[in-house]
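Data first, discussion second: the structure below is written as structure tokens.
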Amino acid sequence: MEEKNTLLIADDVMINRELLKDIFEENYEILEASNGEEAIELLDKHQDEIALLFLDLVMPKKDGLEVMHHMSLNGMISTIPVIMITGEATVESDVRAYELGAADIIYKPFEPAVVIRRAQNIIELFRHRISIEKELELRTQELIESKRKIEQSNIFLTNALSAVVEFRSLESGEHIQRVKKFTRIMLWHWRALFGENQFTNEQIELMVNASALHDVGKIAIPDNILLKPGRLTDEEYAEMKKHTIYGCQMLEHFKQEENEFYQYCYDICRYHHERYNGKGYPDGLQGDEIPVWAQVVSIVDVYDALVNKRVYKDSFTIDQAFRMIHDGECGIFSPKLLECFDDAREELTIETQKEQQKVENGKGG
């Protein structure tokens, strides 16, 4: 970082300017202002060069406090240290100067050796602080970029794994994309209903992307079960239910310690068939033992299955699907989740109709 090497001395008394100039001109370039307006003009023109401002409190046109106010409004006070020099200070003016960001106050008449030492200390302090801030900003940008790359890798992996499911079963692949859309709608409504600070926008997008892996375990289900054109036998259904376990076993290979996205993926994959009353699978969790993000995916998973045709059933209407879910025909969901489901009904309906129109137009399956 290039060091600033200019001092600005703003004082309406020439002898005061000359005295300070004599002290510092051997080591610094000196700019002078005889009133507040001149000081502001020089600050605006040379702000990237000025290492320190000596500022008289009482000056014509604009006084020292007005100059500092201008500096504060224009973002200079954090980069140009100010030493207020005054012979007419009051407690009120001192407090106001410090409030506006003065680094120090020196009272006239001043001792040159003291002024030199205090000025050097303040300049070095500001240089060190700005250096630290720039280093911190650089490190922060590096961390953000590193996090962005990790997130891109996670999303790529998510899309790749969900694409494998889609490759094996076109119906499952389309189902995955719809579940992502419905999950986003539900999470936005959940946050609006139950706490603005509950989930950040970033967390919601991570959950939405994680929802794409809810059925990833179906990769391990035999074709004769996964693609069977009809209802499954009890034994086949028992095997199909294991997709929640198989999926988590696959995710274990990509486990990242203390990674929020991985946790969402794991929870959704394992728990999206759990039910509020404990009668779901694979672990029989109940109530709030089931993570919210897994609960959200569970209800949109059921909803999508109801409103779309499957090899073993015709589609139900949107009204029928809402009634069946509320009546517990597809398992019991939490009262809060059902409230959110109802709150999101209009958007879910619009999105469902868009997807159904795609099918009618031959763009979907």
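The values are calculated or read from the model by the stated rules, or taken from the named source; none is laboratory data. Everything numeric in this text was worked out from a predicted model, so none of it was measured. Note that each Cβ is placed from the backbone with ideal geometry, even for glycine, and that neighbours are counted across all protein chains shown.
Quick check: is even one residue across segment 101-116 on the phi > 0 side of the Ramachandran plot and modelled with pLDDT under 85? Checked against the condition, which is being on the phi > 0 side of the Ramachandran plot and modelled with pLDDT under 85, segment 101-116 yields at least one hit. Exactly one residue out of D44, D48, D12, D22 is charged (D, E, K, R) and surrounded by 16 or more Cβ atoms within 10 Å (Cβ to Cβ): that is D12. In the set Q320, Q356, only one residue is assigned by TED's automatic domain parsing to the domain that holds S298, at pLDDT 95 or above and farther than 17 Å from M186 by Cα; that residue is Q320. When T183, T200 are checked against the criterion of being surrounded by fewer than 18 Cβ atoms within 10 Å (Cβ to Cβ) and β-branched (V, I, T), a single residue qualifies: T200. Residue count for segment 6-40, restricted to those that are assigned to a loop (DSSP other than H, G, I, E, B) and more than 15 Å from V82 (Cα to Cα): 8. Of all residues in segment 8-53, those satisfying the criterion of being closer than 14 Å to V115 by Cβ and touching a residue at least 60 places away in the same chain (Cβ under 8 Å) are D11, N16, L19, L20, I23, F24, L52. Can you name every residue in segment 285-339 that is touching a residue at least 40 places away in the same chain (Cβ under 8 Å), assigned to a helix (DSSP H, G or I) and either closer than 19 Å to E174 by Cβ or among the hydrophobic types (A, V, I, L, M, F, W, C) (or both)? V292, W293, V296, V297, I299, V300, D301, Y303, D304, A305, V307, L337 - these are the residues of segment 285-339 that are touching a residue at least 40 places away in the same chain (Cβ under 8 Å), assigned to a helix (DSSP H, G or I) and either closer than 19 Å to E174 by Cβ or among the hydrophobic types (A, V, I, L, M, F, W, C) (or both).
Number of residues in segment 41-57 that are over 38 Å from the mean Cα position of the chain (by Cα), hydrophobic (A, V, I, L, M, F, W, C) and not in a strand (DSSP E or B): the value is 2.
For segment 170-198, the set of residues classified as out of contact with any helix residue (DSSP H, G or I) (no Cβ under 6 Å at 6 or more places or on another chain) and modelled with pLDDT under 80 consists of L170, E171, E174, E196, N197, listed by residue number. For segment 59-80, a residue qualifies if it is touching an Asp or Glu at 6+ places or on another chain (Cβ under 8 Å) and either closer than 15 Å to I9 by Cβ or not assigned by TED's automatic domain parsing to the domain that holds S34 (or both), and the qualifying residues are M59, G64. Condition first: surrounded by 14 or more Cβ atoms within 10 Å (Cβ to Cβ) and part of a helix (DSSP H, G or I). Can you find one or more residues in segment 74-91 that meet it? The answer is no, given that none of the residues of segment 74-91 is surrounded by 14 or more Cβ atoms within 10 Å (Cβ to Cβ) and part of a helix (DSSP H, G or I). Residues in segment 58-73 that are surrounded by fewer than 22 Cβ atoms within 10 Å (Cβ to Cβ), assigned to a loop (DSSP other than H, G, I, E, B) and not acidic (D, E): 4 in all. Among the residues of this structure, G280 counts as one that is buried (at least 19 other Cβ atoms within 10 Å of the Cβ) and not in a helix (DSSP H, G or I).
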